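Enquirer: For reference, the structure I am asking about is given below.
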Amino acid sequence: MDIQQIKNFLALCETLNFRKAAEQINIVQPALSRQIQLLENEVGALLFNRSKRTVTLTVAGIFFKKETNRILQDLDKTIVRTAQLHNGEAGEIKVAHSSSAMNTVVPSFLIKVKDKWPQLKPLYRKLPILSKLK
């Protein structure tokens, strides 16, 4: 099973018509029928009820449709998040500060960071006072 098979399955779920779904995804109807048969064999369940006039989802097909939609949405989110991490637009930023900076500099800095990169999560900690060093 691959992503394209799942997308083709979902196209058939939307149209409930092999010919229309095949046209929509730009393949021939026998190829789509074969893909669905292979998918059903791999899953181990009949996903569609077929008659000469109608195609409907089985209970297993309804479940599989719901789960594959969720999986593809998660995959899309994963792809976006990966690109954001790669481009430095997401992840964590560590901010170390002294006590006085927490009341003056850090809040405005964190607001600017959050506005520019909403996917970044600031992690900050207070630095020990360096007054002992003279």
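Enquirer: Kindly establish whether T68 is loosely packed, with under 12 Cβ neighbours inside 10 Å and out of contact with any Pro (no Cβ under 6 Å at 6 or more places or on another chain).
Expert: no
Enquirer: Return only the number of the condition from (1) over 30 Å from L12 (Cα atoms); (2) modelled with pLDDT of 75 or more that L127 does not satisfy.
Expert: Only one criterion in (1) over 30 Å from L12 (Cα atoms); (2) modelled with pLDDT of 75 or more is unmet by L127, namely (2).
Enquirer: Which members of the range 20-60 meet the condition of being modelled with pLDDT under 95 and charged (D, E, K, R)?
Expert: R50, K52, R53
Enquirer: Moving to a separate point now. Of the numbered conditions (1) modelled with pLDDT of 75 or more; (2) touching a helix residue (DSSP H, G or I) at 6+ places or on another chain (Cβ under 7 Å), V95 satisfies every one except a single condition; which is it?
Expert: The number of the failed condition is (1).
Enquirer: Please work out if Q84 is in a helix (DSSP H, G or I) and in contact with a strand residue (DSSP E or B) (Cβ under 7 Å, 6 or more places away or on another chain).
Expert: For Q84, the condition - in a helix (DSSP H, G or I) and in contact with a strand residue (DSSP E or B) (Cβ under 7 Å, 6 or more places away or on another chain) - is met.
Enquirer: Same structure, new question: Filtering the range 1-53 down to residues that are without any contact (Cβ under 8 Å) to a residue 12 or more places away in the chain, exposed (fewer than 15 other Cβ atoms within 10 Å of the Cβ) and of a type in the set (D, E), which residue is nearest to T68 (Cα to Cα)?
Expert: Out of the qualifying residues, it is D2.
Enquirer: Oh, and also: Can you tell which of A96, A45, A31 is of a type outside the set (S, T, N, Q) and assigned to a helix (DSSP H, G or I)? Can you show your working first?
Expert: Values: A96 fails: assigned to a helix (DSSP H, G or I); A45 fails: assigned to a helix (DSSP H, G or I).
On inspection, the qualifying residue turns out to be A31.
Enquirer: Only one of these is closer than 27 Å to Q119 by Cβ and of a type in the set (A, V, I, L, M): A11, A21, A60, A90. Name it.
Expert: Details: A11 fails: closer than 27 Å to Q119 by Cβ; A21 fails: closer than 27 Å to Q119 by Cβ; A60 fails: closer than 27 Å to Q119 by Cβ.
Only one candidate qualifies: A90.
Enquirer: Against the definition (modelled with pLDDT under 90, within 30 Å of Q5 (Cβ to Cβ) and in a helix (DSSP H, G or I)), how does L75 come out, yes or no? Walk me through it before giving the result.
Expert: Details: modelled with pLDDT under 90: no; within 30 Å of Q5 (Cβ to Cβ): yes; in a helix (DSSP H, G or I): yes.
So L75 fails the test.
The values are calculated or read from the model by the stated rules, or taken from the named source; none is laboratory data. As the structure is a prediction and not an experimental result, all values here were calculated from the model. All Cβ positions, glycine included, derive from the backbone under ideal geometry; neighbour counts span all protein chains shown.
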